[in-house]
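This report concerns only the one structure given below.
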Amino acid sequence: MAPKPISSPVPVAWYPSLAVLMLSIGLLVTASFFIYEATSSRRNRSLSKEIVTGAMASIFLGFGSLFLLLATGVYV
Amino acid sequence: MDRRTLVLLFLLLVSSSLGSSSSSSPDIRVLSAERRIDLTSSIVRVFLTLKVENVGASQASDVLLAFPPTDAEHLAILKASTAEGKRKKKIYVPLSVNPTELPDTPNGAHLFSISLRNPLKTGEAAVLEVLYIITHCLEPFPAEISQSETQFVYYHDSAMLLSPYHVMEQITYIKTPSNKVESYTRVDPTNRAGTELRYGLYHDLPPFSYSPIIVHFENNNPFAVVEELVREVEISHWGNLQVREYYKLKHAGARHKGVFSRVEYQSRPSISGVSSFKHLLARLPPRVHSVYYRDEIGNISSSHLRIGSQKSELEIEPRYPLFGGWKATFVIGYGLPLQDFLFKSPDGKHYLNFSFGCPLLETVVDELTIKVVLPEGSKNPSSAVPFPVNQQLETTYAYLDVVGRTTMVLKKRNIVPEHNIPFQVYYDFNPIFMLAEPLMLVSAVFLFFVACIAYLHIDLSIRKS
């Protein structure tokens, strides 16, 4: 078996579009999180829904900012 | 009386037998030696062809080469090879060369032994090809020149090849960059034709024969010396290899004296500042991207990049032309695609295959440091370099690092362009560690959301609603 070249798990050319896509989804979910927080009263708010929305938003924002860093040339 | 003479005789016998056994040198003699010294650049390259014959009774497995102490100090590379096969199938097989010591070497001569592949039997002969490169041995004379003068240098050597063996026949050719040779020592027969000086043929030279010669000639080649070069290679498994090179460049030729006139330099480039240089060429790997060239002030705009399929060329101009003794410091950085340099070997280890040495052409590096920054979470680093280097490990921190990145530091002195050969750094890496950075970002954002939820759930009002 010959030595196998190693490349990145995601093609480098996709980084900018992935960053835009994931950051915009993340920001939309963040917006829906805050809309839900502002429109529902304290009594009928469900903690599980808040946490699930927050987790969704943070996953998209986290990976989105990683791809933004990679696309701008900060290879972590 | 009788006893005393017997003892004396015995002592004489012992000493003579000891003497013959300790010096192995007379067993070999050099049938012919041809030396070609190339003085056309600032680096001295010597090609030596030796035909050695074993005249001793036992087999000989090593052949010794001798160097004067000044040359040994500046020796950058010493390579030996022997030709195998006939005519068209001729291949050169490299031989191992190691420094050795012998008790009876005169005047501190340094010895190197070449190990032969097949020991020479009595009466057998072998042809050895030796290449050695010496730096910093061309001495500018006059040591200070003004802007309009050309640079002359001294080259010191011996007309005869310094050898621990009896040399039957010997010839030396010295190639100078132009036919402007001011003077040269005559050791008859000496002959000069155009750019070539010939010393020899000399016959029947005893071991360690030495006859100093001086050649004084014009050499206007750029004497570019990088006093210190630090190359940082940062591996990111997200698809990039980031290289940063910190240069401390110096013109090591005759020192500049008097004033520097930019007008004269610009208007009459053929006679003004001929020994100075204003641009350098760096040979970078193909598919290089995001190249920058800057110094402490900021970006230096005078550079040109040509990207090809085999190699990329970066032509850089320092902020000012470099005259003798002048220095320039700058940084070159570039990114490279990961798949060209990082591989996974069959045994599961990752390894980086990168070029040692300095990318600048025809440049000597006094002190080279290569720092290979491995990704966070890599273990068991080891390096494979084809020549002896100092190595140590340290830890560096970059973006989003927690425990720091293991860094392999390789150091070597006296580097010439012939050192630009690949080296490898092996390490173990589990790709799961690549997820550490995104998870760190995710958890930071999630903490913000948790803080928001907590704030909205806590009742901070004083009055009951």
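Just a few scattered comments:
- Selection status of A:S65, within 7 Å of chain B (Cβ to nearest Cβ), touching a residue at least 12 places away in the same chain (Cβ under 8 Å) and either crowded, with 17+ Cβ neighbours inside 10 Å or within 23 Å of B:A444 (Cα to Cα) (or both): yes
- B:E394, sole failed condition from (1) more than 10 Å from B:V425 (Cβ to Cβ); (2) touching a residue at least 24 places away in the same chain (Cβ under 8 Å): (2)
- Just so you know, in segment A:4-60 the residues that are polar (S, T, N, Q) and buried (at least 17 other Cβ atoms within 10 Å of the Cβ) include one that is farthest from the chain's Cα centre (by Cα), and it is A:S8.
- Annotation note: of B:N380, B:N430, the sole residue that is modelled with pLDDT under 95, under 28 Å from the mean Cα position of the chain (by Cα) and in the same structural domain as B:P346 (by TED's automatic domain parsing) is B:N380.
- Elements of type strands (runs of 3 or more DSSP E) in segment B:86-189, at least 2 residues being in contact (Cβ under 8 Å) with a residue 40 or more places away in the chain: B:110-120, B:125-134, B:138-140, B:152-158, B:166-175
- Flag if B:T407 is more than 14 Å from chain A (Cβ to nearest Cβ), surrounded by 18 or more Cβ atoms within 10 Å (Cβ to Cβ), touching an Asp or Glu at 6+ places or on another chain (Cβ under 6 Å) and within 29 Å of B:A76 (Cβ to Cβ): yes
- Complete set of residues in segment B:433-465 that are among the aliphatic types (A, V, I, L, M) and not in a helix (DSSP H, G or I): B:I458, B:L460, B:I462
- In segment B:190-217, the residues that are closer than 25 Å to B:P140 by Cβ and not in a strand (DSSP E or B): B:G194, B:T195, B:Y210, B:S211
- Residue that is nearest to B:W326 (Cα to Cα), among those in segment B:183-226 that are modelled with pLDDT of 90 or more and among the acidic types (D, E): B:E218
- Per the listing B:I421, B:I462, B:I370, B:I453, the residue uniquely of a type outside the set (G, A, S) and within 13 Å of chain A (Cβ to nearest Cβ) is B:I453.
- Checking each residue of segment B:68-78 against the condition of being touching a Cys at 6+ places or on another chain (Cβ under 8 Å), surrounded by fewer than 19 Cβ atoms within 10 Å (Cβ to Cβ) and at pLDDT 90 or above gives at least one match.
- Set B:I462, B:I432, B:I458: member being free of Cβ contacts under 8 Å to residues at least 60 places away in the same chain, within 18 Å of B:V402 (Cβ to Cβ), surrounded by fewer than 11 Cβ atoms within 10 Å (Cβ to Cβ) and out of contact with any helix residue (DSSP H, G or I) (no Cβ under 8 Å at 6 or more places or on another chain): B:I432
The values are calculated or read from the model by the stated rules, or taken from the named source; none is laboratory data. In this text, all values refer to a predicted model and were calculated from it rather than measured experimentally. Positions of Cβ are generated from backbone atoms using ideal geometry, with glycine treated the same way; all protein chains shown enter the neighbour counts.
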